[in-house]
Amino acid sequence: MATVGLKCPECGSLDIVDDEHYSQPQLVCADCGAVVSEGLLTTTRSEETQGTDVRYSNSTEVDKKPCRNLINGIHRVRALCRILRLTFLMEETAETHFKQAYEHPNFIRVSLQKKEVLAGCCVLATCRQHSWPIAMGTICCLLEANPRLIGVVYQEMLKTLKIEAPPTSIINLLETHCQAYKLSPQHVHEELSESSKDLTKRAAVLLELAADAWLVTGRQPIPILTASIFLAWQSLKPTQTRLKYTLARFCQMAKVTKSSIAPKRVTELKEVLCKLGQELPWLRGDEVTPQTVIQMVDDILNHRLTLLRRALSSHEEALASESVLPPSLEDSLPGSHTNTTCLEGAVSSQTPGQTPKEPFVGEPDTGSVQQQGDVDLTYTVVMEGLPHTGPGTDSQHSQPSVPNSGKRSLFEPPSVRYAKIRRVQVPMVEVTGDEEISDSEIDSYIRTPQEIRDYVEAKEALASSDDEF
C-alpha cells in the first residue's frame, strides 16, 4: 500500500510502500528500493495509551537515580538545618549548594570523610550569607570532625562555587553562644547561677577590650568567647566560691565543651586586665595579680578608655626613661646643650598645676567616646639619636641611636608577639667528582702501623682456622 505525503530521499519518487520485514515494518521506495524509515518495535506505557510510536532505545531508557552518598548528604544537610533552626529558604539554599558541589569534578573523587564534611560547609556558607550567627566550631561539634579539615573543604567549596560568604562578627555570635551555657537556677545552685542577659552584657564589654588589645584579630572565635564568658561569670559576683572554679570545672558545670585553646585566652585576657588595673589611682602602687584582678573587673571596664590612655602613657614614660643617656655621654654629643635648652623651655611653658599624665576621671567613660575617639594602642617614641639641625650642629652627620628607640606598642598583635620561625633552607651540596681532596681526608684513608699489625694478625688467624677445618 502506497503512503501519501512521503518522498524518497534517494530518487525523489513518491511511490513509497509498506514492507513488513518479520515483525518490524518498513517504508521502502518501490522504484529504487531505498529504506525511507524503519519501523518501531515497542512503545512506552504513556505513549501506548496515546497511540504514538517511540523508538526502542527510548522505550528502555531508565532515569538516573542519585547515589546513596548524595542522598545521605542531603539528609545530613536537612538535619543540621533543623538542629540550628534555620528557615525553609536557608535550608533550600544549603541543599542547592550541596548538590552543586557534590556533582562538581573537584568533589567527585574525594574521600567519604570530605563528602560528609561538605554538608556542614554548605550549611555554614548559607548561614554566613544570611547573617545567621553560627561559628565554624559549632559545625565541628555537630559533625565531630577535625576543624582543619572543615576549613580546607570550606575554602575549596567557596572557590569552586564562587560564593561570597562574609564572616560573622564575634559580637553577633556572643548572644547565641551564651544561650548554650546552662547557668540558670534550674540547672545550678543559686549562688552559681547567672542570668543570660547580664552575662552577655558583661562578656560583650570584655570582648571589646580584647579587640582593643589585639586578642581577637586572626583568632578562632569560640576560645575567646569561652574565656570572656568565664571571666564575666566570675566578675559579676567575685565570691570565693566562684573564684575557686577553674575553666574546665566551669565548662563541666555549664554543660559545654571546653576548647583546648580557651585557657590561653583566659591568661591573655587576665594580662590585659592586670595592665589596666595597675593604673587605678586608689590602689596606690599595689601589685595587681591574675588572682586579684577579677575583683577589679567592674572598675576597669567602667573606666576602660581612661585606663588605656594612662597605661600607654606610663609605658611610654618607662621607655623614655630607659632611653636617657648618661650625663657623660650627653655632654660629649654635639648639640646636647641646644636640646637641653629646648626641653627646659618646653617644661617652663607648662602651667604650675599641669601634669604630663592625664588626670583620672572618676565617672565612667560612657559619654566621652565620641569626643575622644578610639584609643590608638600603638605609638611612636621620638628617637633622641636622630640627626638635629641647628646653629651648633651639622645636618650631614647623624648621632648614634640609643636603645629602646623607635615604634613601641603596649598591646601587640599575635603575629608580632608570637612570630613564626621561618625555616632555613640548607643549601644542597652538588658533588661532581672534580673537587680537591684535602690532606686530612687522604690521611684518613691510609692505615696506621697499628691497623696494619691488627690486619696481619687477623688474616693469619683466619688462615689457621681454615687449615684446621
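The values are calculated or read from the model by the stated rules, or taken from the named source; none is laboratory data. This structure is a prediction, so every number in the text was calculated from the model and none was measured. With ideal geometry, Cβ positions are generated from the backbone for all residues, glycine too; neighbour counts draw on all protein chains shown. In case anyone asks, the SASA skips ligands and DNA or RNA and just uses the protein heavy atoms, side chains included. Shrake-Rupley method; radii C 1.70, N 1.55, O 1.52, S 1.80 Å.
Numbers for the structure displayed
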quantity	calculated
Filter result for the condition that a residue is modelled with pLDDT under 90 and either of a type in the set (A, V, I, L, M) or within 23 Å of residue 138 (Cα to Cα) (or both), over 311, 254, 262	311
Residue under evaluation residue 101, criteria (1) modelled with pLDDT of 90 or more; (2) surrounded by fewer than 13 Cβ atoms within 10 Å (Cβ to Cβ); (3) closer than 23 Å to residue 144 by Cα, criterion not met	(2)
Looking only at the range 235-285, and only at residues there that are of a type in the set (Ser, Thr, Tyr) and farther than 14 Å from residue 225 by Cα, the one that is nearest to the chain's Cα centre (by Cα)	246
Positions within the range 270-295 being more than 16 Å from residue 210 (Cα to Cα), part of a helix (DSSP H, G or I) and either open to solvent by less than 40 Å² (accessible area, probe 1.4 Å) or of a type in the set (Phe, Trp, Tyr) (or both), in sequence order	282, 283
Matching residues, the range 244-269, being crowded, with 16+ Cβ neighbours inside 10 Å and outside any helix (DSSP H, G or I)	245, 256, 258, 259
Boolean, residue 95 is more than 29 Å from residue 219 (Cα to Cα) and either at pLDDT below 90 or aliphatic (A, V, I, L, M) (or both)	no
The range 227-243, subset in a helix (DSSP H, G or I) and β-branched (Val, Ile, Thr), residue surrounded by the most Cβ atoms within 10 Å (Cβ to Cβ)	229
Restricting the range 202-226 to residues that are part of a loop (DSSP other than H, G, I, E, B) and of a type outside the set (Gly, Ala, Ser), the residue that is least open to solvent (accessible area, probe 1.4 Å)	215
In the range 141-199, the residues that are surrounded by 14 or more Cβ atoms within 10 Å (Cβ to Cβ), within 17 Å of the chain's Cα centre (by Cα), without any contact (Cβ under 8 Å) to a residue 40 or more places away in the chain and part of a loop (DSSP other than H, G, I, E, B)	145
First in the range 234-246 and of a type in the set (A, V, I, L, M), second anywhere and crowded, with 16+ Cβ neighbours inside 10 Å, Cβ under 7 Å, 6 or more apart	236/194; 236/202; 243/234; 243/294
Failed item, numbered, when residue 67 is tested on (1) open to solvent by 10 Å² or more (accessible area, probe 1.4 Å); (2) under 25 Å from the mean Cα position of the chain (by Cα); (3) more than 27 Å from residue 180 (Cβ to Cβ)	(2)
